[in-house]
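See below for the structure under consideration.
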Amino acid sequence: MSEVEHRIVQVDADYHVAAVTQSGKLLVGGRGEYGQLGLGDTEHRVDGMVEVGGALSEQRVVGVSAGFA
């Protein structure tokens, strides 16, 4: 996977991290054993952040919150 530079405008974190970029993309990382990263799997992402695709790839994200629900 190639690395892409993103300008982050908002971040929230707990056991996982969620960040919104200036262009409205959502990046996630951290613990994902229950699927809480929204990537369609239960893998941990501890070596960097991953852009969330799927239904969000066509949307502009404007805010994010991470933590216990």
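See the values below:
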quantity: Region 32-68, residues that are of a type in the set (Gly, Ala, Ser) and either surrounded by 15 or more Cβ atoms within 10 Å (Cβ to Cβ) or closer than 22 Å to residue 9 by Cα (or both); calculated: 32, 38, 48, 53, 54, 55, 57, 63, 65, 66, 67
quantity: Qualifying positions in region 1-30 - in contact with a strand residue (DSSP E or B) (Cβ under 7 Å, 6 or more places away or on another chain), among the charged types (D, E, K, R) and under 16 Å from residue 65 (Cβ atoms); calculated: 12
quantity: Count of region 31-58 residues which are touching a strand residue (DSSP E or B) at 6+ places or on another chain (Cβ under 9 Å) and outside any strand (DSSP E or B); calculated: 10
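Readers should treat all values here as calculations from the given coordinates under stated rules, not as data from a laboratory. Given the structure is predicted, the values throughout are model-derived calculations rather than measurements. As a convention, Cβ positions derive from the backbone with ideal geometry for all residues, glycine included, and neighbour counts pool all protein chains shown.
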